[in-house]
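Read through the structure below, which is laid out as structure tokens, and then see the notes.
The values are calculated or read from the model by the stated rules, or taken from the named source; none is laboratory data. What you are looking at is a predicted structure, and each value in this text was computed from that prediction instead of being measured. Glycine gets a Cβ as well: all are built from the backbone with ideal geometry, and neighbour counts include every protein chain shown.
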Amino acid sequence: MRESAFAVVVPMFNEERGALHCIREITRVLQELPLRARLIAVNDGSSDGTAEVLKSAQEGNVALTVVTHEKNLGYGKALLTGGRTASDLGCDFVIFMDSDLTNDPRFIPIFAQKMEEGCELVKASRYIPGGGVQNVPAWRYWISRVGNAFVRLLYGLPVHDCTNGFRAIRTALLERMQITERGFPAIMEELYWAKILHARVCEVPYILTSRADTLRPSSFEYRPKVFYRYLKYPFMAFLRIPPQLSRINL
């Protein structure tokens, strides 16, 4: 049986201050795993010194591949670029995580184990036993907690933390999805496709930490338009709206 291979995909946009630390921490974990592992950093049109930091990080790091968008295309497009690159490198699955290390690299082996057990999409969850949050404002926690309980019912999937971007997915499954979202709602569109493709979905407990003050502020905004983009896909899954109508406005 062929040894499995996987890649960790990290989208980066203006992460000059934290990029090198992120690469080092993830590489350290990957070197301890028996599986063949790659690290793919997608520089999504950064205007600061992120490109220079990543170029320096590649020196002596044979596991690191850097892919660059000449202009900022958005989180969703960065994910697709990373996924395609992983597929081209012969990887069986990818793990998506954020560059600010609010997704702790120590969870990577847990994702890899679940993939080896046959799961096709593994979501990290704050809302199952063993999961939680640290240093996250209470108002943000409850918006997320209540919202995720609602969309879980709409999706009908065994996932308690649908909005979490820390997850693993088989490249063969990802290639069948037609992701169109440029921004963070791509995470929800991905679950819509997992539902209609009858993917085997599972979850693992995970503890979310807050973004370090030394890094640039998060670009995520709590606005009605954002909530609409997030809720669109669970409603589509609930109403069984087919993929060819996925761009309609509900």
Inset, instruction - Quickly run through segment 63-72 and pick out the residues that are at pLDDT 95 or above and aliphatic (A, V, I, L, M). - result: LEU64, VAL66, VAL67
Legend entry - Single condition SER219 does not satisfy, out of (1) on the phi > 0 side of the Ramachandran plot; (2) modelled with pLDDT under 90; (3) not β-branched (Val, Ile, Thr): (1)
Legend entry - Residues of segment 121-133 satisfying the condition of being within 21 Å of ALA194 (Cβ to Cβ) and part of a loop (DSSP other than H, G, I, E, B): ARG126, TYR127, ILE128, GLY131
Inset, instruction - For PHE166, state whether it is crowded, with 22+ Cβ neighbours inside 10 Å and either aromatic (Phe, Trp, Tyr) or free of Cβ contacts under 8 Å to residues at least 24 places away in the same chain (or both). - result: yes
Inset, instruction - Could you tell me whether any residue of segment 104-120 is at pLDDT below 95, part of a loop (DSSP other than H, G, I, E, B) and crowded, with 16+ Cβ neighbours inside 10 Å? - result: yes
Inset, instruction - Residue by residue through segment 42-66, note down the ones that are assigned to a loop (DSSP other than H, G, I, E, B) and under 16 Å from ILE26 (Cα atoms). - result: GLU59, GLY60, ASN61, VAL62, ALA63
Legend entry - Residues located in segment 1-30, provided they are more than 18 Å from ASN103 (Cα to Cα), surrounded by fewer than 16 Cβ atoms within 10 Å (Cβ to Cβ) and in contact (Cβ under 8 Å) with a residue 24 or more places away in the chain: GLU3, SER4
Legend entry - helices (runs of 4 or more DSSP H) wholly inside segment 137-199 containing at least 3 residues that are within 22 Å of ALA86 (Cβ to Cβ) and either at pLDDT below 95 or aliphatic (A, V, I, L, M) (or both): 171-174, 186-196
Legend entry - Any chance GLU32 is within 14 Å of PRO105 (Cα to Cα) and in a loop (DSSP other than H, G, I, E, B): yes
